[in-house]
Amino acid sequence: MEITEILRKGIVTEKTVKLQARNQYTFEVALQANKIDIRRAVEQLFKVKVVSVNVMRMPGKPKQIRQRGAAPRPVEAREWKKAIVTLAEGESIDALKA
Amino acid sequence: MKVSVEKLPNSEAVLNVDLTWDEVQKASDKAYKKLVKTVDIQGFRRGKAPRAILERRVGKEYIYQEGLDELISEAYKNALSENDLTPISQPTLDAPAFEMEKDYHFSLVVPIVTPVKLADYKSMHFEREEVTVSSEEVEKELESFQNRSVEWKSIERPVEYGDRIKADLKLTSGEQQISDLKDNAFEIANDRKGLFTGMDEHILGMKVGESKSFTTTIPEDYSNTKLAGKEANYDVTLHLVETKELPALDDEFAKKVSDDQFDTLEDVRKALGDNILEQKKRTNTEELRNKILKELIEKSEFVIHPTLIEEEVHEMEHQFGHMLEQQHLNMDQYLKMVNKTHEEYHQELHPEAKERVKQQLVLEQLAREENITVDANEIEALFNAYEQIGQNLPRTEEQIRALMISFRREKTLSRLLELTTDPDPDEESEEVAEEDAAVVNAEAAAIAGETEATENEAEESEAATSLPGNETTETVE
């Protein structure tokens, strides 16, 4: 996989900020990416040393789109993949750090 | 935080404030804690976002600026209370852009009330004038009562002065019809003013059922310039002549005018005399107060900031605006009527506003020096007093403050009167009436501006609409 296609975006929420205390950073990644791809992408793009990568598939859920003047239309929220990357001690990703 | 206060001779104060970087940073911490509770950031509940995230969202400088603003207003407040300054309006801020990691300096300029240097009022002395009531004054009052209970009797004779007639009256000037009244009652007077000047002498001598046409000239100074100086053509048809019948001055009359309170005319005379004396005394005291206050103002030293006068002018205009509203006018219409621009009108109010400001300042300073305060009980009593005269005032904070201020002024004035005059010979009666008088006076003070304006207005409106019909309603009352 191309290295620029792997990481979609960093995720910064209350929960992930908490994880940063353990030097773990959270990303939304491409569905097709595997742990090895993600490790390589993070190491090359942020110039850090990655200790481990955990990934999970976030299921798509049935949703409804409501629009004024139209009947609610059932749609499916897209499935996506989340990766939690643990960095080596002393390393950090400034772009996501709180 | 280092604050230095410098008073300028033009009644302004300059506050110079020095802040260290540490203080700025602490303030920004506070600002962050406040801000974070109000800003929505995705992924965080309100108040839970870390500082770095918030900085990314609203900008680092913004948080610091918030903190600085807080510091500035705090410094301002402290400086005011520590140095006992009374600001008149918002201060102007001279704050340079701040830089990170550096100490910060800013200055504020604020117009303040400079305390009045009171003249030595304790050494001032005024004489209370004697008041007496002459029998003529009583008779005059009695006569006006007599006039009020006049009865009109229909009579068969030509019209004379003082009669009341009922007539059709049509008034035209050239092509224009000014008024067309049917069966209108009015009194014949030989000194009529305004539109109908000169009408009465033509009507003189007419008999019931008679019709007459005649021409007069509308006076040059009539308020409607379109009609002033023009000829007015009258068509008058007389329907009824009535003559005035005064009730006889006897005990019967006494009973009637006093609602059976008094049996004899002598009693009524006495009561009237007392009334007049009371009233004279009151106006006398009022005059004396004004005199003392004026003297005190003249001898005291003032430094007044123009803003204060400006504000008073606006206040006066506002009150006057309310007055106009009651007559279904607005400010613009009024200004057009008297042919003035807004600026001219303001200019005109200026001297009086200045005088009022001086009065307020003097009384406030005096109250401070004499330690005159108003407590909650007194205010409560005032509210009750107002209720008794049928005025239910809302007990809002604003209203209470306004009452407190006017009542304190009232008290201060009374104290000033005590200090500068010999005690009133019949102090006792005054003592009882003091509360009431205070209420009345406070009320009077509250609407003083309006009354003055009313008088002017009333005159004008009367001149503009002095139809015969109006005058009769007045006499009937």
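The values are calculated or read from the model by the stated rules, or taken from the named source; none is laboratory data. Fair warning: this is a prediction, and the values are worked out from it, not measured in the lab. No Cβ is skipped: glycine too gets one built from the backbone with ideal geometry, and neighbour counts run over all protein chains shown. In case anyone asks, the SASA skips ligands and DNA or RNA and just uses the protein heavy atoms, side chains included. Shrake-Rupley method; radii C 1.70, N 1.55, O 1.52, S 1.80 Å.
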- Query: Out of the stretch B:287-328, which residues are of a type in the set (D, E, K, R) and under 19 Å from B:His125 (Cβ atoms)?
  - Reply: B:Glu287, B:Arg289, B:Lys291, B:Lys294, B:Glu295, B:Glu298, B:Lys299
- If you scan the stretch A:44-98, which residues turn out to be charged (D, E, K, R), open to solvent by less than 70 Å² (accessible area, probe 1.4 Å) and modelled with pLDDT under 95? A:Glu91
- Message: Being at pLDDT 75 or above, in contact with a His (Cβ under 9 Å, 6 or more places away or on another chain) and outside the structural domain of B:Lys336 (by TED's automatic domain parsing) is the requirement here; does B:Phe186 meet it?
- Response: no
- Message: Given the criterion touching a residue at least 40 places away in the same chain (Cβ under 8 Å), among the acidic types (Asp, Glu) and either open to solvent by 20 Å² or more (accessible area, probe 1.4 Å) or under 21 Å from B:Glu231 (Cβ atoms) (or both), identify the matching residue among B:Glu175, B:Glu187.
- Response: B:Glu187
- Query: Since B:Ile165 meets every condition but one in (1) open to solvent by less than 20 Å² (accessible area, probe 1.4 Å); (2) within 30 Å of B:Glu369 (Cβ to Cβ), which condition does it not meet?
  - Reply: (2)
- Item | Only one of B:Leu363, B:Leu349, B:Leu403 that is under 16 Å from the mean Cα position of the chain (by Cα), at negative phi, assigned to a helix (DSSP H, G or I) and assigned by TED's automatic domain parsing to the domain that holds B:Glu310 | B:Leu349
- Query: Looking at B:Leu272, B:Leu238, which one is among the hydrophobic types (A, V, I, L, M, F, W, C) and assigned to a strand (DSSP E or B)?
  - Reply: B:Leu238
- Has the stretch B:242-252 got any residue that is open to solvent by less than 70 Å² (accessible area, probe 1.4 Å) and within 34 Å of the chain's Cα centre (by Cα)? no
- Subset of the stretch B:24-48 [of a type in the set (A, V, I, L, M), without any contact (Cβ under 8 Å) to a residue 40 or more places away in the chain and either within 21 Å of B:Phe106 (Cβ to Cβ) or surrounded by fewer than 19 Cβ atoms within 10 Å (Cβ to Cβ) (or both)]: B:Ala31, B:Val39
- Message: Just to check your reading of the model, which residue among B:Leu349, B:Leu329, B:Leu361 is of a type outside the set (S, T, N, Q) and touching a residue at least 40 places away in the same chain (Cβ under 8 Å)?
- Response: B:Leu361
- Odd one out for A:Met1 among (1) touching a helix residue (DSSP H, G or I) at 6+ places or on another chain (Cβ under 9 Å); (2) within 14 Å of chain B (Cβ to nearest Cβ); (3) modelled with pLDDT under 95: (2)
- Could you tell me whether any residue of the stretch B:315-323 is among the acidic types (Asp, Glu), over 21 Å from B:Gln399 (Cα atoms) and either at pLDDT 80 or above or more than 21 Å from the chain's Cα centre (by Cα) (or both)? no
- For the stretch B:264-285, enumerate the residues that are within 24 Å of the chain's Cα centre (by Cα) and touching a residue at least 24 places away in the same chain (Cβ under 8 Å). B:Lys280, B:Lys281, B:Arg282, B:Asn284, B:Thr285
- Query: Taking helices (runs of 4 or more DSSP H) that fall entirely within the stretch B:16-97, which contain at least 2 residues that are under 30 Å from B:Ser4 (Cα atoms), away from chain A (no Cβ under 14 Å) and of a type outside the set (Lys, Arg)?
  - Reply: B:21-35, B:60-83
- Can you run down the residue pairs with Cβ atoms below 6 Å, 6 or more apart or on separate chains, where the first is in the stretch B:296-317 and within 10 Å of B:Ile88 (Cα to Cα) and the partner is surrounded by fewer than 15 Cβ atoms within 10 Å (Cβ to Cβ) and of a type outside the set (Phe, Trp, Tyr)? B:Thr307/B:Ser89
- Message: Could you list, ordered by first residue, the pairs with Cβ atoms under 7 Å in which the first is in the stretch A:15-26 and at the interface with chain B (Cβ under 9 Å from one of its Cβ atoms) and the second is not in a strand (DSSP E or B), at least 6 apart or interchain?
- Response: A:Val17/A:Ala98; A:Val17/B:Pro50
- Item | Criterion (open to solvent by less than 50 Å² (accessible area, probe 1.4 Å) and part of a loop (DSSP other than H, G, I, E, B)) met by exactly one of B:Ala232, B:Ala228 | B:Ala228
- Task: Please enumerate the residues belonging to the stretch B:206-218 that are open to solvent by 40 Å² or more (accessible area, probe 1.4 Å) and either over 14 Å from B:Asp168 (Cβ atoms) or without any contact (Cβ under 8 Å) to a residue 40 or more places away in the chain (or both).
- Result: B:Lys207, B:Gly209, B:Glu210, B:Ser211, B:Lys212, B:Ser213, B:Thr215, B:Thr217
- Note on the structure: For B:Val268, the lone unmet condition from (1) at pLDDT 80 or above; (2) over 30 Å from B:Glu210 (Cβ atoms) is (1)
- Note on the structure: Among strands (runs of 3 or more DSSP E) entirely inside the stretch B:144-199, those with 3 or more residues being farther than 23 Å from B:Thr217 by Cα are B:151-154
- Taking A:Gln32, is it more than 14 Å from chain B (Cβ to nearest Cβ), open to solvent by 30 Å² or more (accessible area, probe 1.4 Å), assigned to a loop (DSSP other than H, G, I, E, B) and modelled with pLDDT under 95? yes
- Task: Report yes if some residue within the stretch A:64-84 is in contact (Cβ under 8 Å) with a residue 60 or more places away in the chain and β-branched (Val, Ile, Thr); otherwise report no.
- Result: yes
- Query: Restricting attention to the stretch B:369-388, which residues are without any contact (Cβ under 8 Å) to a residue 24 or more places away in the chain and surrounded by fewer than 14 Cβ atoms within 10 Å (Cβ to Cβ)?
  - Reply: B:Asn371, B:Asp375, B:Ala376, B:Asn377, B:Glu380, B:Asn384, B:Glu387, B:Gln388
- Query: In the stretch B:116-125, what count of residues is obtained for those that are buried (at least 16 other Cβ atoms within 10 Å of the Cβ) and either not small (Gly, Ala, Ser) or not in a loop (DSSP other than H, G, I, E, B) (or both)?
  - Reply: 3
